[in-house]
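J.: Can you read through this structure? Questions will come right after.
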Amino acid sequence: MGRCHVLIWLRRTFGSSIGSKALMACTGLVLIGFLFAHLGGNLLLFADADGAAFDAYATALEHSPLLPLAEAGLALLFCAHIVLGVRVQRANREARETAYRVRRTHGARTPGSRTMVATGLVILLFLVAHLYDFRLCRPEGDSLALIVRERLASPSGLVLYGAGVLALGLHLTHALRSALHTLGLHHPRYEALVDRASFLLGFVLGLAFLSFPLVFFLGGAA
């Protein structure tokens, strides 16, 4: 009986509009943490000319017994975030003007908030292309650092990855603010600070990831 009550509570909580928004905010915050970790690993591409540091890092990841679990967890997070985003967007279109929606949308809208759906779609397409390039179609035995550098040094790589990370940066300029507001972790006194922090997060991460295609396109794969 107790287990049944828990399942009912979970269904009612996360099946509701507010519950979906809260869960989407949580998955988004975890994915932001992943982006920082991913950026840290990618920075090893700049560590040396032959890519040995990045290749050693990639090899260590590939031979880790935790890799399948980490990949499954990330896939689940991405899928949950996407599904919840679609559900929330649909609910926002259909819902009437409730007090919650008025409170949530109070204040000036930003380019990041106005384009969340569009940038989300671009990020999804970019993620599929990214996995295709470096996970599904990676040649066996080749240096991953060399593969990444050559892909990003190409004109198509610059356009694809440049567009993808710019969309990611714009998406993130609103993501932190939206997540904290959804979870109730905000206060009018610190609202301006949270807005600036959210913008800075998107700007810094977007610029950091953009540096890879720019550097390798302008300087070559070597």
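J.: Against the definition (at negative phi and under 14 Å from the mean Cα position of the chain (by Cα)), how does PHE36 come out, yes or no? Explain how you work it out, then say what you get.
T.: Numbers: at negative phi: yes; under 14 Å from the mean Cα position of the chain (by Cα): yes.
So PHE36 passes the test.
J.: Considering only residues that are at pLDDT below 90 and outside any helix (DSSP H, G or I), which ones fall in the range 99-142?
T.: Matches in the range 99-142: THR105, HIS106, GLY107, ALA108, ARG109, THR110, CYS137, ARG138, PRO139, GLU140, GLY141, ASP142.
J.: Then there's this: Can you confirm whether LEU218 is part of a helix (DSSP H, G or I) and touching a residue at least 24 places away in the same chain (Cβ under 8 Å)? Walk me through it before giving the result.
T.: Working: part of a helix (DSSP H, G or I): yes; touching a residue at least 24 places away in the same chain (Cβ under 8 Å): no.
Taking the combined requirement at face value, the residue does not satisfy it.
J.: Looking at the range 36-54 only, could you name the residues that are of a type outside the set (Gly, Ala, Ser) and either in a loop (DSSP other than H, G, I, E, B) or closer than 20 Å to PHE217 by Cα (or both)?
T.: Step one: list which residues in the range 36-54 are of a type outside the set (Gly, Ala, Ser), which gives 36, 38-39, 42-46, 48, 50, 54.
Listed by number, the residues that qualify are LEU39, ASN42, LEU43, LEU44, LEU45, PHE46, ASP48, ASP50, PHE54.
J.: Moving on. Which one is nearest to ARG149 (Cα to Cα) among residues in the range 179-222 that are of a type in the set (D, E, K, R) and exposed (fewer than 13 other Cβ atoms within 10 Å of the Cβ)? Walk me through how you get there before you give the answer.
T.: Initial filter on the range 179-222 (of a type in the set (D, E, K, R)): 189, 191, 195-196.
Now drop any that are not exposed (fewer than 13 other Cβ atoms within 10 Å of the Cβ), which leaves 189, 196.
On the way: ARG189: 45, ARG196: 33 Å.
Per the stated criteria, the residue is ARG196.
J.: Looking at HIS186, HIS181 in this structure, which one is over 22 Å from GLY41 (Cβ atoms), assigned to a helix (DSSP H, G or I) and either of a type outside the set (A, V, I, L, M) or at pLDDT below 90 (or both)? Give the derivation first.
T.: Values: HIS186 fails: assigned to a helix (DSSP H, G or I).
The match here is HIS181.
J.: Moving to a separate point now. Hey, LEU176 hits all of (1) surrounded by fewer than 19 Cβ atoms within 10 Å (Cβ to Cβ); (2) touching a residue at least 12 places away in the same chain (Cβ under 8 Å); (3) among the hydrophobic types (A, V, I, L, M, F, W, C) but one; which does it fall short on?
T.: (1)
J.: Okay, next question. If SER156 passes every condition in (1) small (Gly, Ala, Ser); (2) assigned to a helix (DSSP H, G or I); (3) under 23 Å from TYR57 (Cα atoms); (4) more than 20 Å from the chain's Cα centre (by Cα) but one, which one does it miss?
T.: Evaluating SER156 over (1) small (Gly, Ala, Ser); (2) assigned to a helix (DSSP H, G or I); (3) under 23 Å from TYR57 (Cα atoms); (4) more than 20 Å from the chain's Cα centre (by Cα) leaves (3) as the failure.
The values are calculated or read from the model by the stated rules, or taken from the named source; none is laboratory data. Everything quoted here is computed from the prediction, not taken from an experiment. Cβ: placed from backbone, ideal geometry, glycine included. Neighbour counts: every protein chain shown.
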